[in-house]
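For reference, the structure discussed in these notes is given below.
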Amino acid sequence: MKVMRLDEAKEYPTTGHYDMRALRLQGVDTSNCKDFTLGLSHFLPGGRTDYMEAGVELIYCVVDGELTLTTDDGVYKLHKFDSVHFDVGDRRSIVNETNMPAAMLVIAGMKK
């Protein structure tokens, strides 16, 4: 068992992310979790990601604010407690189009 306190969480590097801070809550170097990681991403107003392929299976769950998700299937507004699953290879981008910060949990599978 590993309890992670938010004030102990460390930022982890991301590419293709702008005005966004990602904190590792579980997995990799924070716990013995081998199959997935759990992160918390904070998006400032205007914060965004590039349009890119998911390299691993992903689940996003918005925990505060609103984020706009763009995929090959369309554009979606995600609100508090909305979630979305991506298979490996699915393409997406995210942007905070509001004037308030937004936050989401990210569950990411580990590369095998």
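Every read-out reported here was derived from the displayed coordinates using simple, explicitly stated rules and does not represent laboratory data. All values reported here derive from a predicted model rather than from experimental measurement. Cβ coordinates were reconstructed from backbone atoms using ideal geometry, including for glycine residues, and neighbour counts include every protein chain displayed.
Of note:
- Residue 97-residue 10 FRET efficiency (beta carbon distance; Förster radius 25 Å; 0.05 resolution): 0.30
- Cross-link partners for residue 34 among the lysines, with Cα-Cα distance under 19 Å and sequence neighbours closer than 8 places in the same chain left out: 2, 10, 111, 112.
- Charge dipole (debye, nearest 20) of the chain; +1 at Cβ of Lys and Arg, -1 at Cβ of Asp and Glu: 340 debye
- Theoretical gain in end-to-end length, residue 110 to residue 90 [0.36 nm per residue, Cα-Cα removed]: 5.6 nm
- C-alpha center-to-center spacing [the stretch 47-112, the stretch 1-17] in angstrom: 17 Å
- Computed log10 I(q)/I(0) for the stretch 2-59 at 0.15, 0.27, 0.29 Å⁻¹: -0.49, -1.22, -1.28, from the Debye equation with unit scatterers placed on every C-alpha and solvent omitted.
- Reported label for calculated mean projected area of the Cα convex hull in nm² given [x] 6.5; [y] 5.7; [z] 6.8: [z]
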